[in-house]
Each structure stands twice: as C-alpha cells, then as structure tokens.
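Just below is one structure, and these are the notes that go with it.
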Amino acid sequence: MSRVLATLAAAAALAVAPGAHAQPDMGKVLRAAFPVAETGFDPQAAGDIYSNAVNRVIFDPLYKYDHLARPLKLVPNTAVALPEYADGGKTWTIKVRQGIHFADDPAFKGQKRELTAHDYVYSWKRILDPRMRSNALNTIEGRILDPDGVIAKARAEGKLDLDAKIEGLQAIDRYTIRLKLNFADAELLSNLTTTSYAAVAREVIEAHRDASGWAMANPVGTGPYLLREWKRGQKIVLEANPGFREERYPESSDPADKATMAKLKGKRIPLVGRVEISIIEEGNPRLLAFRRGELDYVALPPELAWNVLDPPASLKPELAKEGIVLGRGFQPAISYAYFNMEDPVVGGNTPERIALRRAISMAYNVPEEVKVIRQGQAIPANQVVPPTVGGHNPKLPTRTIYNPSQARALLDRFGYRDRDGDGLREQPDGKPLLLTLSSAPSAVERQFDELWARSMKDVGVRIEFNKQKWPDLLKAARLGQLQMFQLGNINTTSEGFGFLGLLYGPHAGFSNLARFRLPEYDRLYEQARAMVPGPARDEVMQKMGELVNVHAPWIVTVFRVENVLAHPWLVGYKFNGFNQHPWPYFDVDVGKRRAAGK
C-alpha cells in the first residue's frame with residue numbers, strides 16, 4: 001500500500017472509530033410502565049415522580065448522580081465542573097459547557113439553539129414565579145440574595161417579572177452563572193441535580209405556556225430523549241435525540257458492576273433508540289405484562305409481593321430459573337395522609353382540632369396496611385425523614401401509632417361525641433363530623449379506602465371518599481380543594497431536609513399541600529436550612545419532627561420497601577431507589593429477548 005493510501009486508510013479508520021460504539025440502536029425498544037398517570041412535561045411545573053422520570057431524560061440539570069456509584073456520587077452534567085465557592089460558600093460560580101444544543105423546535109426558527117447560562121437563570125426564575133406554583137419553590141425561596149426585594153414584590157403581586165434583575169441569580173456572561181446566597185446553602189448542590197433545576201428555552205415556553213406559565217405538552221430540552229408520542233394517561237413514547245451530545249457510559253471499579261462494564265463500558269448513551277411507557281394503574285395487569293415479557297422491568301406492586309417472593313424476601317425459584325433479577329431496598333420516600341389546615345372541620349391549631357387530627361392518626365390501622373395491603377413490604381414510620389437519606393435518625397424507637405382506644409378517649413375528651421345515638425360522632429358544636437379522603441380509582445386505592453372506612457368506623461367517625469384521577473387530585477390539592485389526601489413523596493437526592501420543607505408555612509399551596517403554618521416550625525426550618533449537615537442540624541430537624549407529631553398536619557404512615565423485577569435481557573440494571581427509570585443507561589439484548597419468546 002502506498003504511503004498516501006495508508007494515510008487515507010488511517011484517516012478513514014479514525015473517522016469511523018466512533019461508529020464502532022454508535023448509539024443508540026433505533027431498532028431497540030425499552031418497555032416500562034407507570035402505575036399512575038403523568039401530569040405533564042414542564043420541569044419547573046411538574047410535581048410528580050412519573051412526569052419527572054420523563055423530564056429527567058428530556059431536560060438537563062447542571063449536575064447529576066453517577067449511575068453506578070454507591071453511595072451516590074454527584075458529578076457534572078452540563079456544567080464544566082463543580083461550583084467555585086467564595087465568601088464562605090455564599091457566592092457560587094458555575095461554568096456551563098459550550099456546544100450543547102436544544103433539540104430542534106419551530107420556536108428556534110430554523111436555527112441551532114445553544115444552551116447557555118441565561119437558560120438556567122430563566123428556568124430558576126420560573127421556580128420563583130408565584131404564578132407557577134412550583135413544587136420546588138421550597139428549595140430556592142429565601143436562599144437567593146435579593147437586596148432590591150424583587151422576589152418579595154413578586155410574592156405580593158402574584159407574579160415575577162422574569163426580566164427583573166435579581167442580585168443573587170445572574171448570568172454574568174454566556175456560559176457563567178453567578179449565585180449569591182443569603183447563607184452557605186448545604187443542600188443547594190444536590191438540588192441542582194433535580195429536574196426542577198433543568199434548563200428550558202424561553203422561546204419554547206413563551207410559545208406554548210398557559211395562563212399559569214406552564215408548558216406541559218411541548219417539552220424541548222437538551223437531554224438524550226425526545227417526546228415522540230403522548231396519549232394522556234395511556235402511553236408515552238420517547239425517541240433518542242439525534243442531536244444529543246457525545247456522552248459515554250460511566251466507568252465503575254465495583255466488582256458488582258463487572259458484567260455491566262464488560263458489555264457497556266465506553267458505549268455512547270443513550271443505548272436504546274425508543275422507550276415506550278405504558279400507564280397501567282392496576283397491579284395485576286402490570287405484573288402480568290411483565291411476566292408476558294411486555295415490560296422489561298417493573299416495580300413489584302406491594303399488594304402482589306407474595307406472588308413473586310418467598311418470605312422473608314427472596315425471588316421464587318421458578319422466576320429465578322428464568323434469570324429474572326430482583327432489586328430491593330428502602331425507598332427514600334414517605335407515605336402519608338395530609339389534612340388541609342384551612343379546612344373548617346379538620347384544620348386549624350386550636351386544641352380540639354389538633355386532638356381530632358391526632359385521634360384520626362391513632363385510629364388509622366397502620367399495622368394492617370403493612371401486613372395486608374403492602375404484604376410486609378414496608379415498616380411503620382416513626383419520623384418524617386425516611387431511611388437512606390441525610391437527617392434520618394436510626395436511633396428513634398419504633399412508634400406505636402395505632403391505638404383506637406386512646407383515639408376514642410381523645411375524641412371524647414375534646415367534645416367529639418355521639419349526640420344522637422346513631423353510633424357516629426358529631427363536632428363539639430353539634431355539627432356533623434364528616435371526613436372526606438381523596439384517592440385515585442385503582443384497585444389498591446380501593447383497599448386503602450376500605451381500611452380507612454374500617455378504621456374510622458371503629459372510633460365512630462364518618463368518612464367518605466372523593467375519587468378522581470391522580471393528575472386531577474394533584475391539581476385540586478395545590479388549590480387547597482381537598483380535605484384529606486393520601487399520597488407519598490420521594491427524594492431524588494441524598495438529602496432528607498426537603499421532606500421537612502414540605503410543611504414550611506410560606507410555601508402553603510405550593511409544595512406545602514397541607515397549608516400548615518406554625519411560626520415555631522418555620523423558624524426552625526429557616527435555622528436548619530442555613531446549617532451544614534451534621535449532629536447540630538439533625539437536632540433542629542428532630543425538633544421540627546416533634547412539632548409535626550404534636551400538631552399532626554400529616555399522618556406519616558410507612559416507609560416503603562421497593563422491589564424491582566428485571567428480565568435477563570435488560571442490560572445495565574442496578575437497583576437505585578433514587579432513580580427507578582435511568583433509561584439512557586439501559587440496553588436490551590434483543591437476542592436474549594427473542595430466545596425467551598418475548
């Protein structure tokens with residue numbers, strides 16, 4: 001071969017070298033399911049884990065957690081590096097990587113639209129805009145330096161001028177964000193990994209927003225996937241973003257990841273060209289879809305645990321023989337029912353209303369929930385902050401929260417008696433005592449309704465049920481229209497302080513769905529958020545938890561155990577309670593799937 005030909009051959013080899021790891025394979029389809037319908041795909045507006053699972057792969061925050069690292073390891077995503085700190089940690093400088101582009105959209109008028117520092121500043125201002133009623137407001141409000149009172153003015157007027165200059169939140173050039181904080185915020189860095197802090201393009205939002213500023217149906221981001229199809233409450237289809245930047249599968253030295261490294265190390269993400277998400281609300285059909293191979297993995301419905309597991313928690317032999325993998329661990333989540341603190345029957349902080357809420361808490365049969373509905377896949381909660389996140393106190397004793405005889409005595413003592421002899425109690429002023437609990441129309445929710453009905457009947461309290469689809473319930477909850485609502489919150493970061501922020505008074509109607517307002521609690525919250533994680537802050541958090549127990553705006557019921565089943569053809573699966581759906585890091589072995597007849 002001549003020298004010229006050899007040079008050309010070498011150049012050609014270099015030109016196609018990335019193709020050796022060309023990803024994604026558009027012929028591969030990853031199939032997943034949500035048990036609850038999504039609400040929409042605006043990262044600053046969405047407040048449910050299912051919508052945000054989709055937002056996580058369409059939009060990009062500055063930072064993320066390494067997919068394989070345990071414990072969690074925070075790494076740059078679209079940021080060049082970790083922040084540079086000054087002024088004792090109160091000033092942050094963050095550089096945004098150059099050359100990252102949004103997916104194509106008509107709003108860009110045919111031009112490639114680069115991601116800039118201004119996009120992040122605009123997106124975070126949206127969280128601060130009262131019109132948005134953002135679920136993430138508690139993670140930023142009160143933290144940003146604002147000597148001109150722009151944020152306070154917005155709160156008073158109900159709208160933020162998104163062009164107004166906020167001293168502590170600025171893009172000082174095209175690729176540099178400058179944050180100035182009121183205190184050295186120990187949680188902010190982990191918050192910057194969440195979908196709420198992902199970047200949106202202003203042009204797209206302004207083209208598609210509604211009266212609240214939300215743009216739920218037109219997600220355009222810089223992430224690895226695009227929204228290709230959406231049938232609300234039925235099906236979501238994602239396709240790999242052809243313009244996604246070059247990102248490679250992370251490396252790991254953990255022996256547990258050896259097989260994954262052998263197959264995926266160095267490959268470009270995303271690995272699969274298409275993700276199809278079905279909304280299957282009932283547990284039985286969801287598990288059956290997995291067993292038929294129609295889903296590549298599934299979170300095991302807790303009410304069906306013993307269909308799949310042998311006590312105490314091992315996969316049944318016939319499933320293990322098929323090569324099915326079980327991932328298991330505590331979710332960084334709480335399950336609770338909240339009381340609307342503005343409701344004329346259950347709200348307020350007068351002694352008789354506190355007594356009513358505490359009596360209802362004691363009357364609800366948590367042990368039966370754990371044993372029967374969750375089939376042992378949970379433990380009774382003894383605090384607001386769950387296991388696996390910072391701020392959880394493992395030394396707290398198990399709390400006996402089910403005590404119907406004490407509940408009856410408390411109701412009697414504060415005037416909630418049966419005055420007409422029908423076996424049901426009235427309020428102290430003689431008016432009817434009626435609870436209304438809101439829940440979704442699924443089979444498992446009906447089990448919860450039945451448990452609530454039995455629990456309340458046992459102490460002589462009337463209860464009825466408001467049945468609506470989950471997205472409608474969440475909307476009503478934010479507007480303060482529900483008296484009681486049973487739901488859960490899950491963390492996508494390793495910090496647990498945010499759970500306590502869900503009861504911070506100024507965020508009533510935003511993340512504080514209970515609309516709980518207690519000056520002492522708010523003071524402790526503001527004190528704790530300015531402290532570094534450690535024993536001193538944990539002590540303040542403990543005091544906040546005690547106030548929750550005393551005033552009972554929530555009935556914190558259980559800490560959930562999550563079981564995830566994965567077929568052997570799903571490559572790269574690793575249990576992660578903080579992110580159940582890391583689709584860009586999953587591959588599908590089509591040969592194995594075909595050999596299994598699926």
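The values are calculated or read from the model by the stated rules, or taken from the named source; none is laboratory data. All values reported here derive from a predicted model rather than from experimental measurement. All Cβ positions, glycine included, derive from the backbone under ideal geometry; neighbour counts span all protein chains shown.
The sole residue among W452, W470 that is surrounded by 20 or more Cβ atoms within 10 Å (Cβ to Cβ), of a type in the set (F, W, Y), at pLDDT 95 or above and more than 30 Å from V540 (Cα to Cα) is W452.
The range 221-340 holds helices (runs of 4 or more DSSP H) entirely within its bounds, and those carrying 1 or more residues that are among the polar types (S, T, N, Q) map to 258-264, 283-291, 305-308.
Name the residues in the range 400-419 that are part of a loop (DSSP other than H, G, I, E, B) and either surrounded by 14 or more Cβ atoms within 10 Å (Cβ to Cβ) or among the charged types (D, E, K, R) (or both), would you? Answer for the range 400-419, where residues must be part of a loop (DSSP other than H, G, I, E, B) and either surrounded by 14 or more Cβ atoms within 10 Å (Cβ to Cβ) or among the charged types (D, E, K, R) (or both): I401, Y402, N403, F414, G415, Y416, R417, D418, R419. Within the option set V346, V370, V366, being in contact with a Lys or Arg (Cβ under 8 Å, 6 or more places away or on another chain) and buried (at least 17 other Cβ atoms within 10 Å of the Cβ) holds for one residue only, V346.
Please tell me if V237 is crowded, with 19+ Cβ neighbours inside 10 Å and in contact (Cβ under 8 Å) with a residue 24 or more places away in the chain. First the steps, then the outcome.
Values: crowded, with 19+ Cβ neighbours inside 10 Å: no; in contact (Cβ under 8 Å) with a residue 24 or more places away in the chain: yes.
For V237, the condition - crowded, with 19+ Cβ neighbours inside 10 Å and in contact (Cβ under 8 Å) with a residue 24 or more places away in the chain - is not met.
What residue, of I172, I177, I166, is in contact with a Phe, Trp or Tyr (Cβ under 8 Å, 6 or more places away or on another chain) and not hydroxyl-bearing (S, T, Y)? It would help to see each step written out before you state the result.
Values: I172 fails: in contact with a Phe, Trp or Tyr (Cβ under 8 Å, 6 or more places away or on another chain); I166 fails: in contact with a Phe, Trp or Tyr (Cβ under 8 Å, 6 or more places away or on another chain).
One residue alone meets the criteria, I177.
With respect to (1) assigned to a loop (DSSP other than H, G, I, E, B); (2) closer than 13 Å to L68 by Cα, the lone exception for P584 is condition (1).
Within 30 Å of G501 (Cβ to Cβ) and surrounded by fewer than 18 Cβ atoms within 10 Å (Cβ to Cβ) - does that describe any residue in the range 305-327? The answer is no; no qualifying residue exists.
Tell me, yes or no, whether the range 358-366 has at least one residue that is over 19 Å from P432 (Cβ atoms) and charged (D, E, K, R). Checked the range 358-366: at least one residue is over 19 Å from P432 (Cβ atoms) and charged (D, E, K, R).
Without any contact (Cβ under 8 Å) to a residue 40 or more places away in the chain, of a type in the set (D, E) and either in contact with a helix residue (DSSP H, G or I) (Cβ under 6 Å, 6 or more places away or on another chain) or not in a strand (DSSP E or B) (or both): is that true of E369 in this structure? Break it down into steps so the answer makes sense when it comes.
Values: without any contact (Cβ under 8 Å) to a residue 40 or more places away in the chain: no; of a type in the set (D, E): yes; either in contact with a helix residue (DSSP H, G or I) (Cβ under 6 Å, 6 or more places away or on another chain) or not in a strand (DSSP E or B) (or both): yes.
No, not satisfied.
Which is over 22 Å from L356 (Cβ atoms), modelled with pLDDT of 95 or more and surrounded by 15 or more Cβ atoms within 10 Å (Cβ to Cβ), of Q427, Q483, Q447? Step through it out loud before you land on a result.
Working: Q427 fails: over 22 Å from L356 (Cβ atoms); Q483 fails: over 22 Å from L356 (Cβ atoms).
Selected residue: Q447, the only one of Q427, Q483, Q447 that is over 22 Å from L356 (Cβ atoms), modelled with pLDDT of 95 or more and surrounded by 15 or more Cβ atoms within 10 Å (Cβ to Cβ).
All conditions in (1) assigned to a loop (DSSP other than H, G, I, E, B); (2) within 20 Å of P76 (Cα to Cα) hold for L160, with the sole exception of (2). Within this structure, K64 passes the test of being surrounded by 15 or more Cβ atoms within 10 Å (Cβ to Cβ), among the charged types (D, E, K, R) and not in a helix (DSSP H, G or I). Inspection of the range 364-372 identifies at least one residue that is over 17 Å from G488 (Cβ atoms), in the same structural domain as D429 (by TED's automatic domain parsing) and polar (S, T, N, Q).
For the range 203-230, which positions are of a type in the set (S, T, N, Q) and under 18 Å from V57 (Cα atoms)?
N218, T222
Residue pairs whose Cβ atoms lie under 8 Å apart, sitting 6 or more positions apart in sequence or on different chains, and linking a residue in the range 575-588 that is not assigned by TED's automatic domain parsing to the domain that holds I49 to a partner that is part of a loop (DSSP other than H, G, I, E, B) and of a type in the set (S, T, Y), are G577/T388; F578/T492; F578/T493; F578/S494; N579/T492; Y585/Y249; F586/Y573.
Name the single residue, out of those in the range 94-114 being within 27 Å of the chain's Cα centre (by Cα) and not in a loop (DSSP other than H, G, I, E, B), that is farthest from F183 (Cα to Cα). Per the criteria, the residue is H101. All of (1) in contact with a Leu (Cβ under 9 Å, 6 or more places away or on another chain); (2) among the acidic types (D, E); (3) buried (at least 16 other Cβ atoms within 10 Å of the Cβ) hold for D105 with one exception: (1).
Against the conditions (1) in a helix (DSSP H, G or I); (2) closer than 17 Å to G391 by Cα; (3) modelled with pLDDT under 95, V532 satisfies every one except (1). Just checking, does the range 305-320 include any residue being modelled with pLDDT of 95 or more and under 24 Å from the mean Cα position of the chain (by Cα)? So far as the range 305-320 goes, yes, one or more of its residues are modelled with pLDDT of 95 or more and under 24 Å from the mean Cα position of the chain (by Cα). Consider V389 carefully, then state whether it is of a type in the set (A, V, I, L, M, F, W, C), crowded, with 16+ Cβ neighbours inside 10 Å and touching a His at 6+ places or on another chain (Cβ under 9 Å). Considered against the rule, which asks whether it is of a type in the set (A, V, I, L, M, F, W, C), crowded, with 16+ Cβ neighbours inside 10 Å and touching a His at 6+ places or on another chain (Cβ under 9 Å), V389 comes out as no.
If we scan the range 181-189, do we find a residue that is assigned to a helix (DSSP H, G or I) and either in the same structural domain as A53 (by TED's automatic domain parsing) or under 19 Å from the mean Cα position of the chain (by Cα) (or both)? For the range 181-189, residues assigned to a helix (DSSP H, G or I) and either in the same structural domain as A53 (by TED's automatic domain parsing) or under 19 Å from the mean Cα position of the chain (by Cα) (or both): present. Looking only at residues in the range 542-581 that are hydrophobic (A, V, I, L, M, F, W, C) and in a loop (DSSP other than H, G, I, E, B), the one that is farthest from P270 (Cα to Cα) is A552.
Residue-by-condition table, conditions (1) more than 16 Å from L160 (Cβ to Cβ); (2) basic (K, R); (3) assigned by TED's automatic domain parsing to the domain that holds D161; (4) in contact (Cβ under 8 Å) with a residue 40 or more places away in the chain:
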site	(1), (2), (3), (4)
A86	yes, no, yes, no
G89	yes, no, yes, yes
D104	yes, no, yes, yes
K125	no, yes, yes, yes
D129	no, no, yes, yes
I140	no, no, yes, yes
I144	no, no, yes, no
